[in-house]
Structures are given as structure tokens and as C-alpha cells.
Amino acid sequence: MRSDANIAGPMTDPVPGPRTEPFGDDVSRETPPPMDDTPIGRAAQLAVEALGRAGEGLPRPPQTRVVVVANQKGGVGKTTTTVNMAASLALHGARVLVVDLDPQGNASTALGIDHHSEVPSIYDVLVESKPLSDVVQPVPDVEGLFCAPATIDLAGAEIELVSLVARESRLQRAIEAYEQPLDYILIDCPPSLGLLTVNAMVAGAEVLIPIQCEYYALEGLGQLLRNVELVRGHLNPKLHVSTILLTMYDGRTRLASQVAEEVRTHFGKEVLSTSIPRSVRISEAPSYGQTVLTYDPGSSGALSYLEAAREMAMRGLGRTQELKELNTSEGNQ
Ligand code: ATP
Ligand code: MG
């Protein structure tokens, strides 16, 4: 695995920001045609312009950032966040690989990647030691975006991995051996804390936790954070929770704002200031094998993922700088 920092593009700002409030309230509203002079119409125009600038993009990280999208709670927006953040980053000129580590194969479906049982998949990489390059496929429609698909075979991998050598670090080894230049690898985890998620946490340095803005949102979070600590302590000292993203935010309910407030109080700086609104367009896109970025680039869902990705990209640079400063000050002592 290597990153190609020399191809970094100039810094551009795809949508006016920074935003502290979630975008719109498009619970059921559809995006009108782009030339429409309503706020949503203007937003659509902005997104089209932002997408039109693909290739200029955000600054690229100096090294490949491997981000584990995890939350053992089901249906909180892990897959939706993985594919839409990945597409947003790719549309800004980054080279991005999505690793589908969920036997449900939802990320593969959403990216329009065939994943019937004959397709070479991440199962072959983890269990059969196949090189990652043998299973990676380009995503149609989005240049620079790639996917290592999951097939139903992966459902047996949790058991099959138990008896294999280096069972926790098989994904890490495969990623390290991957030769293609990449800016980001986003790993979509299943809703469990088993060996598949542990493999992701050993392979990555960052954990991105999507939190759905609803009652019970914080339940189970303690266990997830303890697992991150355990993996950090025993298997991967680099691992940390870098990003928390509030998803399915419905600005019309008090519950959503209460949950958002509680999460921000608990976690503070890790929480992205952009929240993802509940949006019909976001939930429709996977059934067309698309991300919301290509399905409806002007929708508030697309804009909010573009903005969340911009935040994540910029914050990563801040951390790189912090680490550099830390290394320098340690070196001076
Ligand atoms: P699992 O734990 O099963 O893997 P998940 O955490 O990956 O689930 P998703 O599959 O991303 O969650 O989302 C769960 C459901 O919610 C899906 O039907 C998805 O389309 C829908 N959804 C996700 N985000 C939004 C959103 N912002 N607005 C509306 N629907 C959404
Ligand atoms: Mg999922």
C-alpha cells in the first residue's frame, strides 16, 4: 500500500461552509431542477458545480488514511456513510477504496458492484490469502473509487478465521501488500464486534462512528469504545476514534437535537459539525446501485455528505500536523 502525496490538488471549498446546522429538512421533499431559484434549487446548482470541479478537490493526505466505519448497533448508517463519504472524497479527486467487510454486502450493492457468490471477494482475501488486487473492482460512474466486494461467503468467515494463523491481522497484511496508490481506505464493518470488525480495527488507524439521532443511540457505545481500547492496547497502538458523525438527523424533532447535544457534550471535538439529515434520496440511492452523490447531487443528503467529507479531509490534515509537531518535540528532547 502506498499513498501518492505528490498528486495533491489545490485546496478548494466545494460548498459554502463551515456549517454548524444540518442541511434542510428534506424528509420527503425531492430536489427541483437545478436552475430553480428556491434555496434547494440553488443548493442543487452548487452541488453540480462542486461535482463539476472533481479532480481539483481537497488536499490529499500525505499517507493513506485507513478509516474503520464501525458501530455494532445495526442500521445506524455505517454503510450509507461509508459509500457516500467515499464517493464524496473520490469526486474531489482522491483515490478511495471501499472494503466491504459485511456479509450482507450492502456497500457493494450501493456501489453497483456485482457480488454474487462466484465473484472474487474479501472472503478470498481473508480466508484464502488472495491478494487484495485480485478482488478490487472500479466503481462505475465515479472515477477514482474502488471496491473490494463482500459475498455471502463472508458469513462463515468469523468461524473460519478462528483457526487461521494471525487471524486478527489478515486484512492489515492484505492492505499492506496492496501496491496501488490510495488516499483513503474506508472499511464498512458488520453490526457486530467479532473477528471481522477486529480485523478492520487492526488494519486501520482511525475509527469513524456513525450515530443515529434517536433514542438508544448511545447504548452499546461504551462497549464499542472499550473494544477500540482493547485493540489499541494489544494489537494496534495507532487506533483511535477520529470521527463521529450524526446521521438521520430530523431537525423537526426535539429528540434528535437532544441526542445531538448529548453526543457533542460527551465527545466534543471528534463530532463533525455537519450532521446528515434524514433524507428519502439517501435511502433511495442504493436501490439504483448508486450513491446519493450521483443519484441526486443537488439533494441536501448529497450536500451534507460532501461537506462531512470535506471536514474529515481537513481534520485529517490537522492531525498530521499535530503528529509531526509531536514527533519533532519528542526528537528535540
Ligand atoms: P447494518 O448494521 O445492517 O449494516 P448500517 O449501520 O450499515 O446497517 P445503513 O444500511 O447505512 O445502516 O442504513 C440503514 C437504513 O437507513 C438503510 O435503509 C438506509 O437506506 C437508511 N438510511 C441511512 N441513512 C439515512 C438517511 N440519512 N436518511 C434516510 N435514510 C437513511
Ligand atoms: Mg451496513
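The values are calculated or read from the model by the stated rules, or taken from the named source; none is laboratory data. Quantities reported herein were computed from a predicted structural model and do not represent experimental measurements. Because the Cβ atoms are built from the backbone with ideal geometry, glycine has one as well, and the counts that use them run over all protein chains shown. SASA here: full protein model, heavy atoms, side chains in, ligands and nucleic acids out. Shrake-Rupley method; radii C 1.70, N 1.55, O 1.52, S 1.80 Å.
Assorted remarks:
- Multiplying the residue separation of residue 129 and residue 152 by 0.36 nm and subtracting their alpha-carbon distance yields 6.5 nm.
- Lys-Lys pairs in segment 61-326 that are eight or more residues apart or on separate chains and whose Cα atoms lie under 21 Å of each other come to 4.
- For segment 72-122, the share of accessible area belonging to carbon and sulfur comes to 48 percent (1.4 Å probe, ligands and nucleic acids excluded).
- Annotation: the antiparallel percentage among DSSP beta bridges lying fully within segment 61-326 is about 5.
- Sorted peptide list for 284-296, 79-91, criterion being average Cβ within 10 angstrom, highest first: 79-91, 284-296
- The listed peptides 113-126, 303-316, ordered by packing as a protection proxy, come out as 303-316, 113-126 (highest mean of other Cβ atoms within 10 Å first).
- DSSP-assigned coil residues among GluC sites (Glu not before Pro) in segment 168-214, each with at most 11 further Cβ atoms within 10 Å: 179
- Where labels lie 7 Å past Cα in the beta-carbon direction, separation of residue 226 and residue 258 in nm: 2.6
- Cα gyration tensor, segment 61-326 - rounded (a/c under 1.5), prolate or oblate: rounded
- Treating r as the C-beta distance of residue 216 and residue 179 and R0 as 35 Å, the FRET efficiency rounds to 0.20.
- Linear extension gain, residue 114 paired with residue 235, 0.36 nm per residue minus alpha-carbon span: 40.2 nm
- Heavy-atom accessible area with a 1.4 Å probe sorts 78, 238, largest first, into 238, 78.
- Full-stretch length increase - residue 284, residue 141 - with 0.36 nm per residue and alpha-carbon distance subtracted: 49.8 nm
- Distance in nm between pseudo-label sites at residue 250 and residue 165 (7 Å out along the Cβ direction from Cα): 5.3
- Cα gyration tensor shape of segment 89-136, rounded if a/c is under 1.5, else prolate or oblate by comparing a/b with b/c: oblate
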